[in-house]
Every structure is written in structure tokens, then in C-alpha cells.
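Below is one structure, written out as C-alpha cells; the observations come after it.
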Amino acid sequence: MATKTPHIYLFHGLNTWSIRQKTRTWIEVFNKKYGNASSIDIDLSSGNSAQSVLPIIQNTLSSHTLFSTTSLLRIRGLFSKNCPASIRDLLIEKLPLCSSSTFVIIEDESVDKRLGIYKLLLTLQKNGTATIEEFELPTHDKLRSWITTYLQKYKVSIEPIALTLLMEQFDTEVSFENEPDSGMLWHLSNELHKLVHYTGSKTIHREDVELLVCAPDNAHIFNLIDAILARQKTRAYILAHELVASSPSPTKSSVTGITSMLRSQFRALLIVKSMKQSNLDDATMAKQLGWNPKRVWVVSKKTSSLSLEQLTRMYRYLLSFEEYIKIQPTPADASLDILIAQLIG
């Protein structure tokens, strides 16, 4: 009996940085071999309608004839509250039947293990056609290893005291101020990238970290979010520019870090707002999300001033702005002004 090879993958967890890097590498290799037209990317977390997405999924997963071509379907946000149930239902119907030449990658920060689609993926994993992998945020020794491995790509080392200083600022199990956050590794990678390119040395020293690294400032970010939600444009401008100015190197990398943290927090707002509209109480939401009840209460309170549609628009813009900032030569200050203006409207 031939051994089945997985062609359906579920990658989930708070370590969205590693999920994104792995998926990006796979897609690059796939496109090089089969062509860009063979890969399809669907983001359900941004509120795409079922009407626009269902035909794409239907056509991709139904191509299982003798002459079908190899294709790759990437789906993000399948477990988000914005995902229509009809899309999950279609996947439950089609995934067990789709050809082994069709590769499916499902990415999500959190999953609801009670849903039928998750139970199906478990069944497919047991029969060898699917793989489920959870990506946890690295802490302690795993975070140390992650930092050194990241720097090794650039043939750069870091002295122990400098590494310890970074750990104190970014390890969520060392710093009592930082809760586990999917934006953490994105922020840390930006800071490491800055260290590599600004020090011009093969070894990163403590002085470099103290001079260049901008540690996560959760209190300031929360104040900025409050100003955005209250549509206090002037206050938001001031807080955003203070965040960049607090970085010893106020460049686009610091704007990218701020955007990443905002995106992570707005995703939490969007999730809670969606759950509130399903009439779930704070205790139930906390249990389903695996959050501290106090965090649910705070996030829930922040969502009261905006509709689900408004939060969805803001979250979509943050996603697109992250891509924009990477390719546009816009100065850091101007980029911030654009970001705040678009979010507040």
C-alpha cells in the first residue's frame, strides 16, 4: 500500500512571523517551478464576501481530472469571525476529494477546535493527506536560538551581554509588561535588521543595543490606539511621532514596527467585536480565545465606539500599509502622517 504524502497544511499560532516566512519560501519555490498563475492567495480575515471567494475555491479544488495542473491555494483567516460559514462548509466538502496535485496552505493565528473544518483536518492528518503544525512564540532558550540564527544569516554574532539585554526587552516570559503578542517577532526582526545594517560590524555589542533598539512600548501603543478610536487626530499624530522619536534611529523600520503592533492590536479589536455581535459574554470570549478575562474586558470596552465595518476597514488598511511601507521611499514622518490620516479618515 502506497504511503500518502500530505498536500494540505494548517499552520497556526501566535508566531505569525515564522508562519509567514515558511509559507513565503514554499510559494517562491512553487512559483519558480510551476509559474505564478498556479498559486492563489485568499485572505478571509479582511472580510471578503463569500460570493467573491466561493467560485475561486470551488474551481481550484475541483480540478482533479487526469489532465489537471499542479496548483497551490493559500487561505488566511479561515478561523476568523469574518469568515462566512459557507466557505468552511465548501472546504469540508471539497478538501477530502481534491487532487494530490493541489496544495492547500491554511494560515491562522488562532483556531477553534470545535469547528467542523478543524475536525476534518484532524481526520485528514490521520490518513496522511494533511499536516497540522502549531507555531508558538519562542521564549527563553528558544528565543536566544532564534535571535542567533537570524543574525547568522548575515554572518553577524552577538555578545552574550547584548543578547541578554535583548531578551529582557522581548522575552514575554521575562518581561512582565509584555503579553504574548503575534507582533513581537516582527518588531524584533525589524530591530535586528537595524542592528545588522547600522552597526557595520560582525559583532553586535551591548552599546549597539542600548543605542539603536527600540523596545516594545505597549502603554504608548495603547494610548495611540485610544486616540485613533476616539478620532483625536492631533493627539494621534503627536503620540505616533513620539513613538518614532523614542527610537534612537527614527527610520522606516521604526514605522514598520509601530504598524506591526497596531495591526496586532486591531486584529484583537476586530475579533472581539465580531464575537460580541454573536452575543458572547466576556467569560465565554476569554475561554474561546485563551485570553485573560481582564484583557477581554479592556478590548471589548475599546470596541464600543466603532462598528464592525469600521474596524474591518481600519484593519484592512493596516495590512496594505505594511506592504506599502516596504516598497515606497516615503520618509518616516510622512509615512506616519499618511497612516494616521487614513485610519482616522
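The rows are residues; the columns are (1) assigned by TED's automatic domain parsing to the domain that holds W186; (2) at pLDDT below 85; (3) surrounded by 16 or more Cβ atoms within 10 Å (Cβ to Cβ).
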| residue | (1), (2), (3) |
| --- | --- |
| H12 | no, no, yes |
| Q21 | no, no, no |
| S39 | no, no, yes |
| D43 | no, no, yes |
| S46 | no, yes, yes |
| H64 | no, yes, no |
| T69 | no, yes, no |
| L72 | no, no, yes |
| L78 | no, no, yes |
Residue within segment 116-135 that is farther than 25 Å from T23 by Cβ, surrounded by 14 or more Cβ atoms within 10 Å (Cβ to Cβ) and out of contact with any strand residue (DSSP E or B) (no Cβ under 7 Å at 6 or more places or on another chain) present = no
Of the conditions (1) in contact (Cβ under 8 Å) with a residue 12 or more places away in the chain; (2) under 14 Å from I258 (Cα atoms), E323 clears all except one; give me its number.
-> (1)
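Table: residues versus (1) under 20 Å from the mean Cα position of the chain (by Cα); (2) at pLDDT 75 or above.
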residue	(1), (2)
L143	yes, yes
Y150	yes, yes
S157	no, yes
S182	yes, no
R235	no, yes
H241	no, yes
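What about S86, is it out of contact with any Pro (no Cβ under 8 Å at 6 or more places or on another chain), surrounded by fewer than 21 Cβ atoms within 10 Å (Cβ to Cβ), assigned by TED's automatic domain parsing to the domain that holds F30 and touching a residue at least 60 places away in the same chain (Cβ under 8 Å)?
no
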Is there any pair with a first residue in segment 11-33 that is in contact (Cβ under 8 Å) with a residue 12 or more places away in the chain and within 22 Å of S110 (Cβ to Cβ) and a second that is among the β-branched types (V, I, T) and in a helix (DSSP H, G or I) whose Cβ atoms are under 9 Å apart and which are 6 or more apart or on different chains, and what are they?
-> F11/I19; F11/T23; H12/I19; G13/I19
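The rows are residues; the columns are (1) free of Cβ contacts under 8 Å to residues at least 40 places away in the same chain; (2) part of a helix (DSSP H, G or I).
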| position | (1), (2) |
| --- | --- |
| K119 | yes, yes |
| L124 | no, yes |
| G128 | no, no |
| P138 | no, no |
| S145 | yes, yes |
| K155 | no, no |
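The values are calculated or read from the model by the stated rules, or taken from the named source; none is laboratory data. On a predicted model such as this, the values are computed, not experimentally measured, just so you know. Counting neighbours? That spans all protein chains shown, and the Cβs are built from the backbone with ideal geometry, glycine included.
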